[in-house]
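The values are calculated or read from the model by the stated rules, or taken from the named source; none is laboratory data. What you see is a predicted model, and the numbers here were worked out from it, not measured in a lab. Cβ sites come from the backbone with ideal geometry, for glycine too, and all protein chains shown count toward neighbours.
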Amino acid sequence: MSDGPALRVSGACKTYERSDQAALLPTSFQVERGEFVSLVGPSGCGKSTLLGMIAGLIAPDSGSVEALGEPVTGPGAGRAMVFQDAALFPWLTVFHNVEYGLRAHRVPKAERRERVQDALRLVHLDDVASRHPHELSGGMRQRVSIARALVMRPGILLMDEPFSALDAQTRTILTDELQRIWLETRPAVVFVTHNLIEAAFLSDTVHLLSSGPGRIVKTYDVDLPRPRDEAHPALLELRHDMLDRLRAEVGGAIARRAQIAEVTAL
Amino acid sequence: MSAAGGGGTGSAGRLTRASHRARALALEVFRKGWFVTLVLLVWWLITAAGWVDPYKLPAPGDVLSTLGTLFTERALMSDLGATLLRLVEGWAIGVVAGVLLGLLTGGSRTLEDGIRPVIAGLQSVPTIAFLPLAILWFGFSGTAVLAVTAFGTFKPMALATYGAMHQVSPTLLMAGRALGARGLFMQRTLMFPAIVPSLVTGLKMGWSFAWRALMAAEIIVTGAAGLGGVLELGREIGAIDVVMAVILVILVVGIVTEQLFFTRLERWVNRRWGLVGAR
Amino acid sequence: MRASHRFAAAVAAAAAVVLLLAGCGGGGGPADAVRIGMLLNITQGPGLIAVESEFTHGLAGLPVEDYLFAQGPDAASALLSGSLDAAYIGPGPYVLAESRAPGRLRLLSGVATGGQAMVARPGTGIRSVADLQGRRVAVPGNGNTQDLTLRLLLDRAGLRAADQGGTVEVVVISNAALAEAMRQGVVDAALASPPFGTRLVAEGLAVPVPSIDAVIASWRIPATVLVATEEFVRANPAATDALVTANAQAVDRARRDPATVARRFNDLLAESTGSRISTDVLLAALTGLQPGTGIDAVGMERIVFAADVAGYLGGPVAPAARVPRPM
């Protein structure tokens, strides 16, 4: 692996076919190796589009994305993704779900076995390896999904609102778990969420995005020692800051939209 | 029915449970059997009253005894065996070919857009229309019948495969792609298992299409043994009891395969794929 | 209460459906047309030519409607279901219908006798009935005159059909498919309805088997008979009489002038299939066929016997039903 940042997004933008407004204006940012970065914002702010571009599942209209020193043209082994609804393969056992990416990359069987077991141990699920996804709780499924990504030993871990479908308790537990796992494995992480406290708690850097059109409106650095505590006053303060900024943005967006509606109504 | 009518004091619990089970069983037998019983009763009544000439509608008992005679004297068992073998073979070939075509071409827009409308169009042509062609290619024999049966299954299976592939959750496909699955590996390890639950429904449909094509072809190519030939024999010698006996056999085979095979398969797939409540 | 109501409704509905299915059929009374069925088969010559002369002015004031059927059993079913009043069919389908619905049909007259020809695939070396052992022999339909004649031949030679536990495979192949089956070698021999066997010989796909033909000819088996529904005969005696007379005239004409039969057959064949058969082939096929209103009692007996041996009969065929009863 060469030096330089884990990820460099340069002027990437996207407008979807059946929309008159850009889903994402030209956006640039950088993620250092081992850095935890969150993209936060209301729905429609382009954070999932941005993540899709980094994953190589969505092509930007212009601009470029460079991951681990290589331009992104499609999915790559260096980047692993965790989806909102876990997106596990229901017909495979937990073990085989985690093994899937290794099979796709033709990793030899013995090595696959070892790496899958390590990954499952990391998320504390080595005892349910032979179960099927539908036999697990939502939180366990999401942990399998994290193991499925980590088993690829990614330089960059991409997470698309991974905890948003979970109940509050499970969510808190998993957020803690994720911090621990990240401290043990230290990939660069791009974490998409609309939960401000979650973002502040986990991240080194938080990019706040706004909608209509989607863009980064402010960037926060969270310089707190780890492991962190969710009740840390600095976190709460940061959350307040972000919330205020977001309120102003959303209000502005609503006003702009109302203006457009008036114009088109004429 | 209620075996535990009185019920001793000591073993009342067990007896009640037994009587519950007996009642549940009786209820199930009634639920599944009342219509058949009713039809048989009305059928018997009409023939016994002499309202209809027996050569137009033979009595249920006569059809049953004809069925017995067919088994003992005409070796209907070998006809049934030949038909079932052909059915299973034709169906299996059609299923494999249809699913393979769907999987191999469904990955590409161009391939699918070119092929799918043609198969959909062919689906409106009765399969039996291809029998003369099959006879020229495969000879005037069971092979031609088998080919027509396989083709009759192939068309709906290919369409069902295309349809099922469009139903697969995009997130699941995205997850697979993000993990590095591509091309044939993707179709084999992700697309195929993902469509299995919807394919089970397609399998049943394919089975009924196979039956249709097979019977129509067997009636025409009667050289080889088969139920269709017996059906045609009954028609030709004006023996409606033979025709009804064969229909009865086909009906029973249909019920048995549905209950013993398809229902179980469906249940297994639903459990394995977590489609029934995760209990 | 509600459940029992629903049950009663279901019973009523089921009864209605079954009655509807079972209870159709024609009513009696004088007809306003005579509906006559026939097959596209050269043994039906008298019927085929009668349609364009003897029948054209009607029968006792009733117009004639003619219907062409693909197979004898279809025509027999049409008679029994009341959609035909009379038909030219082979003795086989008539005997089978009589055995299952006794007294519904009446044998009015003979039409033609003989004319059946066995042909074999070249190279099979089939020269006698004994040579059919272990062979596949085609007939145009189960229970028709060729099928019954073949079973009679086998029975006399001590052989049995495969469906009766014997070694000779009797397979049903339509006249249309016979040439292809012969070409593919699917069958070794065929007892086809005239003139389709003769045509195979003319096309070089088969060779005649004269020794078998001689045996069949000696049995004087009826090739075609004229039957009517008992209902029609009772309600329309004058028309029945006229039908029998017109048939006798047509039979006489067919005997004196085979060329007319050949031309008429070819016209009808061209109309229904677009193809023609050379007149020479047709005339050759007609040489073995004797038009005549009589029915050889022993020949008819043989057909009943063959149907019985084959297990086709639904019940006994009364002796009275085996001889013509014009009125």
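Which numbered condition in (1) surrounded by 18 or more Cβ atoms within 10 Å (Cβ to Cβ); (2) in contact (Cβ under 8 Å) with a residue 40 or more places away in the chain; (3) among the hydrophobic types (A, V, I, L, M, F, W, C); (4) over 18 Å from A:TYR100 (Cα atoms) is the only one that B:MET191 fails?
For B:MET191, the failing item is (4).
In the list A:GLY46, A:GLY41, A:GLY34, which residue meets the criterion of being in contact (Cβ under 8 Å) with a residue 40 or more places away in the chain and surrounded by fewer than 16 Cβ atoms within 10 Å (Cβ to Cβ)? Spell out how you get there, then give the answer.
Numbers: A:GLY46 fails: surrounded by fewer than 16 Cβ atoms within 10 Å (Cβ to Cβ); A:GLY41 fails: surrounded by fewer than 16 Cβ atoms within 10 Å (Cβ to Cβ).
Checking each option against the conditions leaves just A:GLY34.
Considering the range B:221-277 alone, what residues qualify as being away from chain A (no Cβ under 14 Å) and part of a loop (DSSP other than H, G, I, E, B)?
Across the range B:221-277, the qualifying residues are B:VAL221, B:THR222, B:GLY223, B:ALA224, B:ALA225, B:GLY226, B:ILE237, B:GLY238, B:ALA239.
Yes or no: the range A:108-125 includes at least one residue that is hydrophobic (A, V, I, L, M, F, W, C) and within 23 Å of B:VAL196 (Cα to Cα).
no
If a residue has to be acidic (Asp, Glu) and more than 14 Å from chain B (Cβ to nearest Cβ) to count, how many in the range C:296-314 make the cut?
2
Against the conditions (1) under 27 Å from C:ALA284 (Cβ atoms); (2) more than 17 Å from the chain's Cα centre (by Cα); (3) assigned to a loop (DSSP other than H, G, I, E, B), where does C:VAL119 fall short? Just the number, please.
The one condition C:VAL119 does not meet is (3).
Report, by residue number, each residue of the range C:100-122 that is within 14 Å of chain B (Cβ to nearest Cβ), among the basic types (Lys, Arg), over 18 Å from C:THR167 (Cβ atoms) and buried (at least 22 other Cβ atoms within 10 Å of the Cβ).
Taking the range C:100-122 and keeping what is within 14 Å of chain B (Cβ to nearest Cβ), we get C:100-105, C:121.
Narrowing further to those that are among the basic types (Lys, Arg): C:100, C:104, C:121.
Right, trim to over 18 Å from C:THR167 (Cβ atoms) and you get C:100, C:104.
Selection gives C:ARG100 alone.
Please find, among C:ALA254, C:ALA214, the residue that is free of Cβ contacts under 8 Å to residues at least 40 places away in the same chain, among the aliphatic types (A, V, I, L, M) and part of a helix (DSSP H, G or I).
The match here is C:ALA214.
If a residue counts only when it is away from chain B (no Cβ under 14 Å), out of contact with any Lys or Arg (no Cβ under 6 Å at 6 or more places or on another chain) and surrounded by fewer than 18 Cβ atoms within 10 Å (Cβ to Cβ), which strands (runs of 3 or more DSSP E) contained entirely in the range A:61-176 have at least 2 such residues?
A:62-67
Of all residues in the range B:20-60, count the ones that are away from chain C (no Cβ under 14 Å) and at pLDDT 85 or above.
Going through the range B:20-60 one residue at a time, the tally reaches 9.
Looking only at residues in the range B:122-145 that are part of a helix (DSSP H, G or I) and small (Gly, Ala, Ser), which one is farthest from the other protein chains (Cβ to nearest Cβ)? Spell out the reasoning first.
First, the residues of the range B:122-145 that are part of a helix (DSSP H, G or I): B:122-123, B:127-138, B:142-145.
The next check asks that each one be small (Gly, Ala, Ser); those that pass are B:129, B:134, B:142, B:144.
Working: B:ALA129: 15, B:ALA134: 12, B:GLY142: 11, B:ALA144: 10 Å.
For the range B:122-145, the residue satisfying everything is B:ALA129.
Quick check on my filter: what residues within the range C:74-89 are under 10 Å from the mean Cα position of the chain (by Cα), in a helix (DSSP H, G or I) and either more than 9 Å from chain B (Cβ to nearest Cβ) or modelled with pLDDT of 95 or more (or both)?
C:ALA75
Assuming C:GLY92 fulfils every condition listed in (1) modelled with pLDDT under 90; (2) within 14 Å of chain B (Cβ to nearest Cβ); (3) in a helix (DSSP H, G or I) apart from one, which condition is it?
(1)
Select from the range B:173-220 the residues that are among the charged types (D, E, K, R) and within 22 Å of the chain's Cα centre (by Cα) and write down the one among them that is nearest to the other protein chains (Cβ to nearest Cβ).
For the range B:173-220, the residue satisfying everything is B:GLU218.
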